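Notes follow once the structure below has been shown.
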Amino acid sequence: MYRGKLTVVGAGPGDVDLITLKGVKALQAADVVLYDALVDPQLLDYAPNAEQIFVGKRKGCYAYQQDQINELIVSRAHLNKHVVRLKGGDPFVFGRGAEEMEYAAKQGVEVAVVPGISSSVSVPAFQNIPVTKRGATESFWVITGTTKEHKLSKDVALAAKSNATVVILMGMSKLTEIMELFKNEGKSNVPVAIIQNGTTDKEKIGIGTVASIEYKAREQQLSNPAIIIIGEVVSHRQRILEVQREYNQKEIVLLEKE
């Protein structure tokens with residue numbers, strides 16, 4: 001017997017235009033949409049006839065606990081409905097999408113996933129920061145700053161020993177601890193960027209080094225949701241801005257001569 005369907009959809013990093021076409025089609029076909037706090041409500045316009053339920057959290061306040069979300073998915077699916085679980089970024093990058101799919105599948109629900117553009121690479125990209133660059137870094141780490149036990153991930157210490165770009169999500173509450181690990185590896189002068197509300201009209205950015213970024217974060221009042229990027233690739237942003245500035249100045253000189 002048909003038992004309904006769950007489609008876990010990645011909404012992208014924040015800009016509503018960065019959801020995939022396949023994600024839009026899933027929303028248009030939805031009977032129910034369960035959406036998170038980091039999802040722009042404008043995306044719900046693609047599902048005007050669907051039941052829309054906010055299940056996210058803001059500043060530690062949960063609309064639903066995870067067990068309740070799991071049950072909500074299954075209960076709606078068992079009514080022969082198509083449930084879309086809309087998550088910020090990519091649902092398989094610290095998004096718990098895999099857990100929700102597994103739970104639903106065990107209850108006889110058909111499951112599918114629509115990948116999203118991960119904030120871990122797209123948010124830096126919007127600020128002209130590549131996560132890899134020939135001659136600068138050959139790899140990158142994407143790490144959660146806070147584990148389910150509310151502790152700093154042990155992988156940060158390992159990443160600090162490498163020459164890779166390190167991208168940390170959900171790490172602002174552990175910023176001091178993170179920077180101490182990099183200082184201990186002799187990397188006080190390594191460039192760091194913090195980008196808050198990336199790709200949205202509320203975006204804020206702070207640029208510094210391992211030694212100075214905490215001051216920059218306080219000065220610019222940076223907080224979650226934010227992404228921390230540590231590595232030489234951060235310098236690429238300034239070089240691009242300088243090249244563009246020089247080019248524009250040359251154009252002005254040429255126009256004045258004409």
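Some observations on this one:
- Comparison of THR146, THR199 shows that the only residue that is of a type in the set (S, T, N, Q), within 18 Å of GLY14 (Cα to Cα), in a loop (DSSP other than H, G, I, E, B) and open to solvent by less than 40 Å² (accessible area, probe 1.4 Å) is THR199.
- Scan of region 90-111 for residues that are in a loop (DSSP other than H, G, I, E, B) and of a type in the set (Phe, Trp, Tyr), ordered by number: PHE92, PHE94
- Residue list for region 20-43, restricted to those being farther than 16 Å from GLY97 by Cβ, out of contact with any helix residue (DSSP H, G or I) (no Cβ under 9 Å at 6 or more places or on another chain) and either surrounded by 15 or more Cβ atoms within 10 Å (Cβ to Cβ) or touching a residue at least 24 places away in the same chain (Cβ under 8 Å) (or both): ALA29
- Unmet criterion (only one of (1) crowded, with 19+ Cβ neighbours inside 10 Å; (2) at pLDDT below 95) for TYR46: (2)
- Considering residues of region 1-19 that are modelled with pLDDT of 95 or more and surrounded by fewer than 19 Cβ atoms within 10 Å (Cβ to Cβ) only, the residue nearest to ILE73 (Cα to Cα): VAL16
- Matching residues in region 131-143 - criterion: being under 19 Å from the mean Cα position of the chain (by Cα) and loosely packed, with under 15 Cβ neighbours inside 10 Å: THR132, SER139
- For VAL123, the conditions (1) in a strand (DSSP E or B); (2) within 12 Å of the chain's Cα centre (by Cα) all hold with the exception of (1).
- Checked against the criteria, ILE53 does not count as among the β-branched types (Val, Ile, Thr) and in a helix (DSSP H, G or I).
- A single member of LEU34, LEU18 is out of contact with any Cys (no Cβ under 7 Å at 6 or more places or on another chain), among the hydrophobic types (A, V, I, L, M, F, W, C) and within 13 Å of LEU86 (Cα to Cα), and it is LEU34.
- Residue selected from region 53-108 under the condition closer than 19 Å to VAL39 by Cα and among the polar types (S, T, N, Q), by the criterion surrounded by the fewest Cβ atoms within 10 Å (Cβ to Cβ): GLN65
- Inter-residue pairs, beta-carbon under 6 Å, first more than 16 Å from VAL131 (Cβ to Cβ) and in region 228-249, second part of a strand (DSSP E or B) and β-branched (Val, Ile, Thr), 6+ apart: none
- Residue selection: GLY4 fails the criterion of being within 25 Å of PHE126 (Cα to Cα), out of contact with any Cys (no Cβ under 7 Å at 6 or more places or on another chain) and not acidic (Asp, Glu).
The values are calculated or read from the model by the stated rules, or taken from the named source; none is laboratory data. All values derive from a computational prediction rather than experimental measurement. Note that we place each Cβ from the backbone using ideal geometry, even for glycine, and neighbour counts take in every protein chain shown. Quick note on the areas: whole protein, heavy atoms, side chains included, nothing else; ligands and nucleic acids left out. Shrake-Rupley method; radii C 1.70, N 1.55, O 1.52, S 1.80 Å.
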